[in-house]
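Derivation of every value follows stated rules applied to the coordinates shown; laboratory data play no part. Computed from a predicted structure; not experimentally measured. Here Cβ is always computed from backbone atoms with ideal geometry, including for glycine, and neighbour counts include all displayed protein chains.
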Amino acid sequence: MPIYKNLDGTTPDKGLGDLIRWQLNRKKDTTKFTTPVRENDGAELHAESPHLTWIGHATYALRLAKKMIVTDPVWSERVGPQKRKAKPGVALEKMPRIDVVTVSHTHFDHLDMPTLRRIGRDALYVVPKDVGELIDAPRVVELGWWESHVEGDLKITCVPAQHWSMRMPWDRNKRLWGGFVIESPEGVAYHAGDTAFSERVFSEIGERFPKIDWAMLPIGAYDPEWFMSGQHMGPEDAVRAFEILGAKMLCAMHWGTFKLTDEPLGEPPARVRACWALADRPDTKLYVPDVGETLPLTR
């Protein structure tokens, strides 16, 4: 297997000593924030018109080209030691048939084996290079950066992310990571996966895909910055990334579901809204959904 690196030739350089240092100095979240959840019985997800629903963390469910697409699906109650802070926005049993699954990389909070087994073998799985061997399904497509797969009226392209991968200690960076641009007759969606801020990454994506309608960008898991900035974006970074991409709408994710890092659970949405207001951008172009909230997709 090759050893993969980011576009700039780097990977996050934090090792076991840094991890121990962080764990020994972790901050406690003394706030009493409850992640907002909307009851959603899944009925509206069966509609053929384009829409998007936040299931939680990096999992979105999209209806485009009459196909149901889910990103980095995690329906499990736990990811390792982390228990969900909010139930999935729609129970998996209430979901319509899932046609396409994208998985951005192998970290456990993005590639959740129990969930994939529940989704089953009938879906098409689109993943970065060398991730496919982990997935037990007959239709698995591996893509390198800028490579595409066409499925009916969908065109799915794997794009770079500023991140890294590891499933076990011996496979560090041996499987590629990335995001996905999904082109359809109704519009263009971009799911960033897990990524740090990188002007080069977002500039190149924006240049190749100048008409992104919905950019699903992570806003959480950034504190402590000295440890996380090489692999995760904060809220202000997400707004900068959105501006560089030239997208029409920022759809926030990667917060409020699992308490992975030290920032208070409710801080990311507050900060992204404050940054958005400071930039004097229209409120209608920022989507910070409740878990389970469904947004009709219109250009």
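Considering Cα pairs under 8 angstrom that are at least six residues apart, work out the relative contact order of the chain and quote it in whole percent.
Values: 700 pairs, mean separation 64.3, N = 299.
Worked out over the chain, it gives 21 percent.
Could you tell me how far the Cα centroid of the stretch 85-133 sits from the Cα centroid of the stretch 226-299, in Å?
So the two Cα centres are separated by 22 Å.
As a quick test, which of the pairs 14/248; 66/248; 32/83; 14/85; 155/211; 129/155 have an alpha carbon distance above 24 angstrom in this structure? Show your work: numbers first, answer last.
Working: 14/248 35 Å; 66/248 22 Å; 32/83 16 Å; 14/85 27 Å; 155/211 14 Å; 129/155 17 Å.
Among 14/248; 66/248; 32/83; 14/85; 155/211; 129/155, the Cα-Cα distance tops 24 Å for 14/248; 14/85.
Please compute the Kirkwood hydrodynamic radius of the stretch 193-272 from all pairs of different C-alpha atoms, in Å with one decimal.
Details: mean 1/r = 0.0790 Å⁻¹.
Every distinct Cα pair counted, the radius reaches 12.7 Å.
Could you compute the longest span of the chain free of GluC sites (Glu not before Pro) located in DSSP loops and having at most 13 other Cβ atoms within 10 Å, not counting the site residues? Provide the component values of the computation, followed by the final result.
Values: sites that count: 39, 48, 77.
Counting at most 13 other Cβ atoms within 10 Å as exposed, the longest clean stretch of the chain is 78-299.
Given +1 on the Cβ of Lys and Arg, -1 on the Cβ of Asp and Glu, and no further charges, what dipole in debye does the stretch 104-207 carry about its Cα centre, rounded to the nearest 20?
Working: 11 positive and 17 negative charges, 87 e Å.
Approximately 420 debye in magnitude.
Cross-link partners among lysines for residue 27, C-alpha distance below 16 Å, same-chain residues fewer than 8 apart left out?
In chain and number order, the partners are 259.
Given the peptides 99-105, 64-70, arrange them by the average over their residues of other C-beta atoms within 10 Å, most packed first. Working shown, then result.
Values: 99-105: 24.7, 64-70: 21.3.
So the order, starting with the most tightly packed, is 99-105, 64-70.
Quick one: what does P(r) look like for the stretch 80-135 with 5 Å bins over all Cα pairs, in whole %?
Taking all Cα pairs of the stretch 80-135, the binned fractions are 4, 15, 27, 27, 17, 10, 1 percent.
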